[in-house]
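The values are calculated or read from the model by the stated rules, or taken from the named source; none is laboratory data. Just so it is clear, the model here is predicted, and its values are computed rather than measured. Note that we place each Cβ from the backbone using ideal geometry, even for glycine, and neighbour counts take in every protein chain shown. Ligands, DNA and RNA are excluded from the accessible area calculation, which covers all protein heavy atoms including side chains. Shrake-Rupley method; radii C 1.70, N 1.55, O 1.52, S 1.80 Å.
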Protein chains: 2
Amino acid sequence: MNLRMMRKNREFLLVLFLVAFILFYFITSRTSDDPYYSSRRGKFRSGDDDEIDRPRQLAVQADDGYNRTSPFIFIGGVPRSGTTLMRAMLDAHPDVRCGEETRVIPRILNLRSQWKKSEKEWNRLQQAGVTGEVINNAISSFIMEVIVGHGDRAPRLCNKDPFTMKSAVYLKELFPNAKYLLMIRDGRATVNSIISRKVTITGFDLNDFRQCMTKWNAAIQIMVDQCESVGANCLKVYYEQLVLHPEAQMRRITEFLDVPWDDRVLHHEQLIGKDISLSNVERSSDQVVKPVNLDALSKWVGTIPEDVVRDMDSVAPMLRRLGYDPNANPPNYGKPDELVAKKTEDVHKNGVEWYKKAVQVVNDPERVDKPIVDSEAAAGRD
Amino acid sequence: MNLRMMRKNREFLLVLFLVAFILFYFITSRTSDDPYYSSRRGKFRSGDDDEIDRPRQLAVQADDGYNRTSPFIFIGGVPRSGTTLMRAMLDAHPDVRCGEETRVIPRILNLRSQWKKSEKEWNRLQQAGVTGEVINNAISSFIMEVIVGHGDRAPRLCNKDPFTMKSAVYLKELFPNAKYLLMIRDGRATVNSIISRKVTITGFDLNDFRQCMTKWNAAIQIMVDQCESVGANCLKVYYEQLVLHPEAQMRRITEFLDVPWDDRVLHHEQLIGKDISLSNVERSSDQVVKPVNLDALSKWVGTIPEDVVRDMDSVAPMLRRLGYDPNANPPNYGKPDELVAKKTEDVHKNGVEWYKKAVQVVNDPERVDKPIVDSEAAAGRD
């Protein structure tokens with residue numbers, strides 16, 4: 001064989017090898033998923049392959065990038081404390097998706113907490129091989145499937161179910177790289193909102209302002225403890241500061257979340273129905289349709305029974321602890337930035353148009369605040 | 001450039017391309033799991049990588065072979081109907097692993113069933129993007145994590161939680177290739193076992209045989225309906241037939257499950273603590289420590305209040321429907337195979353040894369049946 005033929009052979013072999021390698025690559029890139037063939041005792045009959053149904057795939061695939069190390073964002077707080085505003089503003093960010101309250105995530109966290117509380121039950125589970133870590137894997141899989149599956153994908157997925165904040169320490173065990181935003185609001189405004197809007201929350205007696213303040217106090221205390229136990233990964237966000245100084249607060253929040261700045265977070269109202277999905281049965285949808293504004297800050301003043309106003313500090317000691325003067329009706333929350341003052345003006349000037357938008361996003365138009373024609377005609381609801 | 005140089009270049013390029021392709025293959029075969037870098041808007045700072053915790057991996061990995069198409073085995077029935085015996089005998093098979101009752105799987109199925117029952121709630125969930133399919137993925141992930149994680153791996157994983165049979169149709173939606181074994185037993189024996197062993201089951205009044213028969217009747221009716229709705233993938237197994245004719249029944253069952261025959265399923269007592277894991281708080285552990293035997297067939301006779309015996313057919317119409325003569329105390333279930341007659345003899349002859357083994361596998365030795373020294377001294381418990 002002369003040199004020329006040898007070279008031709010060599011080229012031929014190289015091309016052959018290349019083709020073979022390319023084929024090998026494509027063949028091995030299909031995921032094998034049939035356990036029948038990994039048995040300890042040889043092959044099984046695979047049954048009737050034609051009849052094997054293939055249900056829609058799990059939302060969370062191993063190569064998706066979503067797993068327990070993912071840096072999920074959890075937003076929580078007592079309901080009516082600005083949690084929806086917070087998630088709507090973050091939803092406006094191109095890289096973040098929160099979406100609606102899932103409703104089911106707090107319930108499964110609650111189930112787990114019942115099991116843990118009962119020593120007898122926890123032991124029975126251990127005996128069954130259902131250890132804490134098996135439960136953690138099961139619950140985190142459930143949570144991830146819901147978070148990932150109930151909306152569009154995004155680089156940073158976020159979940160807002162207010163009461164998840166009661167389980168922040170446990171969530172940190174499930175998702176060590178997750179970050180938490182605890183929404184804090186003047187309890188008097190929160191309770192006024194619950195009562196005036198008739199928002200049913202287990203344990204809250206809507207006929208009793210004092211009782212609701214007590215419940216708010218207990219709830220926010222637990223949430224603050226959880227947030228502080230989580231430590232550096234939990235940020236407290238004051239609703240009043242968010243609406244008075246949206247840019248400074250959002251810069252602080254995006255920095256905390258490791259998300260690059262984007263102006264859109266200050267104009268979420270432009271993205272309703274686009275980047276921001278609203279549920280027509282959620283109680284704040286009609287409010288977040290509007291730009292961030294000052295209207296809900298102090299509407300609570302004058303709505304509290306006299307005796308409760310008088311006893312406020314002892315009824316709700318968390319107010320003082322959180323920095324709210326329990327005897328100031330209202331406290332001076334601060335002076336608004338020009339941005340939000342302008343947006344508020346726009347909401348008032350174009351009250352009818354904003355009202356129409358609000359009505360479109362709810363199933364029950366009756367509950368939407370009528371436009372404020374005269375600022376003194378404000379109904380006292382926030 | 002002359003031909004020789006061109007050929008050299010071509011070879012060189014081929015080698016380069018091959019090397020490049022090989023490198024490409026190895027680089028892309030590492031699973032990318034950092035969503036930060038798949039953002040729509042360029043890279044994010046990945047934060048402090050040194051501090052990223054890596055919790056123990058999920059039990060169910062995509063390349064594990066376990067997913068919604070897996071042919072899981074579900075064993076169910078009214079408690080005290082032989083469900084533990086069934087799972088213990090299957091556990092004896094080298095390719096099958098059931099393990100203990102997980103306790104949590106029925107609870108999550110129950111949660112889902114509450115959501116589905118309430119039209120209002122189901123609609124709220126849809127509005128939130130938490131569709132039926134999102135829920136299905138979340139719940140099946142939870143279930144798989146528990147089934148896979150609470151025991152050893154095996155080619156065929158199996159779960160025994162009695163009340164899952166009430167959700168067999170839904171489970172079929174989650175796992176279309178799963179198979180179901182419904183344990184059926186003479187309700188009079190089941191209720192006698194519940195009452196004499198004081199087994200607490202929600203809704204059963206242990207002081208009222210009649211009420212318990214009614215509850216048994218309602219429960220078994222639902223389960224039979226579910227099993228029949230599932231269709232070909234659900235097999236009804238009569239406890240009495242299983243203990244009288246273990247080999248014929250186990251051959252029928254392994255055939256149904258697509259699992260090769262193995263004699264070990266007839267001698268599960270030899271594998272306690274090895275292939276078979278028992279929970280010391282489960283109510284049948286002390287019984288399945290023994291070989292399959294006839295002792296529990298008719299102990300119920302004479303334990304039922306006269307008036308209930310008289311009204312039995314109307315109290316529990318499912319007896320007749322399932323083939324049990326409601327007026328025969330007891331019915332003639334059949335003649336035992338020699339295998340089980342021998343094992344029963346062994347249990348009686350070596351009562352003390354078997355009692356000692358039974359005591360070792362429970363947390364409360366008081367509840368273990370004392371050895372039968374004289375067959376007439378049988379306490380009437382099964």
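For segment B:202-242, backbone nitrogen atoms closer than 15 Å to the point 7 Å from B:D307 Cα along Cα-to-C-beta are found at B:207-214.
Residues with beta-carbon under 14 Å from that of B:D91, excluding B:D91: net charge, scoring Lys, Arg +1 and Asp, Glu -1? Mind showing how you got there, number by number?
Details: positive: B:R87, B:R97, B:R153, B:R156, B:K160, B:R264, B:K274; negative: B:D95, B:E100, B:E101, B:D152, B:D262, B:E269, B:D275, B:E282.
Neighbour charge sum, excluding B:D91 itself: -1.
Write down the Kirkwood hydrodynamic radius of the protein assembly as shown, to one decimal in angstroms, obtained as one divided by the mean of 1/r over all alpha carbon pairs. Spell out each step's value before the answer.
On the way: mean 1/r = 0.0330 Å⁻¹.
For the protein assembly as shown, the Kirkwood estimate is 30.3 Å.
Our coupling estimate for segment A:296-303, obtained by passing each phi through the Karplus curve with A = 6.51, B = -1.76, C = 1.60 and θ = phi - 60°, is 8, 5, 10, 4, 6, 4, x, 9 Hz, Gly and Pro reported as x. Per-residue 3J(HN,Hα) values for segment A:210-227, derived from phi via the Karplus relation 6.51 cos²θ - 1.76 cosθ + 1.60 with θ = phi - 60°, read 4, 4, 5, 4, 4, 5, 4, 4, 5, 5, 5, 5, 4, 5, 5, 4, 4, 4 Hz in sequence order (x marks Gly and Pro).
Counting only other chain Cβ atoms within 10 Å of each residue's Cβ, the peptide A:149-159 averages 4.
Remark: label point of B:K356 defined 7 Å out from Cα along the Cα-Cβ vector; separations to the same position in other copies 8.9 nm, ascending. Since only A:L278, A:V315, A:T303 are under comparison, the one whose Cα sits farthest along the positive direction of the charge dipole of chain A, derived from C-beta charges on Lys, Arg, Asp and Glu, is A:L278. Close amide-amide hydrogen proximity is noted between B:N159 and B:I73, B:F74, B:I75, each under 5 Å apart and 5 or more residues distant or on a separate chain (H modeled in the peptide plane; Pro and chain starts excluded). Here the Karplus relation 6.51 cos²θ - 1.76 cosθ + 1.60, evaluated at θ = phi - 60°, turns the backbone of segment A:72-81 into coupling constants of 4, 10, 10, 10, x, x, 5, x, 6, 10 Hz, with x for every Gly and Pro. Counting only alpha carbon atoms, the long axis of helix A:132-149 and the longest principal axis of chain A meet at about 80°. A Cβ-based charge dipole, computed about the Cα centre of segment B:237-382 with Lys and Arg at +1 and Asp and Glu at -1, lands at about 140 debye.
Could you tell me which of rounded, prolate or oblate describes chain A, using a ≥ b ≥ c as the square roots of the eigenvalues of the alpha-carbon gyration tensor, with rounded for a/c under 1.5 and, failing that, prolate when a/b is larger than b/c and oblate otherwise? The shape class here is prolate.
Between the amide H of A:R283 and any residue lying 5 or more places away or on another chain, no distance stays under 5 Å, with hydrogens modeled in the peptide plane.
Among B:P162, B:P331, B:P176, the largest mean-square fluctuation in a Gaussian network model of chain B (Cα springs under 10 Å) belongs to B:P331.
With a ≥ b ≥ c taken as the square roots of the eigenvalues of the C-alpha gyration tensor of segment A:200-331, please select rounded if a/c is under 1.5 and otherwise prolate if a/b is larger than b/c or oblate if it is not? Prolate is the answer for segment A:200-331, as a/c is 1.5 or above and a/b outweighs b/c.
Between 0 and 90 degrees, the angle of helix A:104-117 with respect to the longest Cα principal axis of chain A falls at about 90 degrees. Comparing B:I108, B:I253, B:I184 in a Gaussian network model of chain B (Cα springs below 10 Å), the most mobile by mean-square fluctuation is B:I108. Near A:L235, the amide H atoms lying under 5 Å from its own belong to A:Y180, A:L181, A:L182; only residues 5 or more places off or on other chains count, and H is placed 1.01 Å from N.
Averaging the sequence gap over all C-alpha pairs within less than 8 Å and six or more residues apart, then dividing by the number of residues, gives chain A a relative contact order of 19 percent.
Determine the shielding of peptide A:261-269 by partner chains: average, over its residues, the number of Cβ atoms on other chains within 10 angstrom of each Cβ. Walk me through the intermediate numbers first.
Details: counts 0, 1, 0, 0, 0, 0, 0, 0, 0.
The per-residue average across the peptide is 0.
Its DSSP H runs of at least 4 residues, each contributing -39,500 (n - 2.57), put the calculated 222 nm mean residue ellipticity of the protein assembly as shown at -14000 deg cm²/dmol, to the nearest 500.
Quick check on segment B:57-194: take the gyration tensor over C-alpha atoms, sort the square-rooted eigenvalues as a ≥ b ≥ c, and tell me if it's rounded (a/c under 1.5), prolate or oblate. Display every interim value, and only then the final one.
Details: a/c = 2.48, a/b = 1.25, b/c = 1.99.
Since a/c reaches 1.5 but b/c is at least a/b, the shape of segment B:57-194 is classed as oblate.
Placing +1 on each Lys and Arg Cβ and -1 on each Asp and Glu Cβ, with no other charges, gives chain A a dipole about its Cα centre of roughly 1300 debye.
DSSP beta bridges fully contained in chain B are about 0 percent antiparallel.
Roughly how large is the A-B contact in terms of buried accessible area, totalled over both chains, probe 1.4 Å, nearest 100 Å²?
Numbers: alone 21430 and 21470 Å², together 34930 Å².
In total, chains A and B hide about 8000 Å² from solvent.
Inter-copy label distances at A:D311, using a point 7 Å along Cα-to-Cβ, come to 5.4 nm with the shortest given first.
Between segment B:178-199 and segment B:239-282, the alpha-carbon centres lie 17 Å apart.
Sorted shortest first, the separations between the B:P260 label point and its copies elsewhere in the assembly read 5.8 nm; each point sits 7 Å from Cα along the Cα-to-Cβ line.
Net charge within 13 Å of A:M223 by Cβ-Cβ distance, Lys/Arg positive one each and Asp/Glu negative one each, not counting A:M223 itself? Once all neighbours under 13 Å are counted, the net charge is +2. Comparing A:A328, A:A128, A:A232 in a Gaussian network model of chain A (Cα springs below 10 Å), the most mobile by mean-square fluctuation is A:A128. Dipole size of segment A:154-309 about its Cα centre, with +1 on Lys/Arg Cβ and -1 on Asp/Glu Cβ: approximately 160 debye, rounded to the nearest 20. Taking 7 Å steps out from each Cα toward its Cβ at B:H348 and A:K198 produces label points 7.2 nm apart.
In the distance distribution for segment B:72-124, Cα-Cα pairs more than 13 Å apart total 68 percent.
Computed from Cα atoms, the angle from the helix A:246-257 axis to the main principal axis of chain A rounds to 30 degrees.
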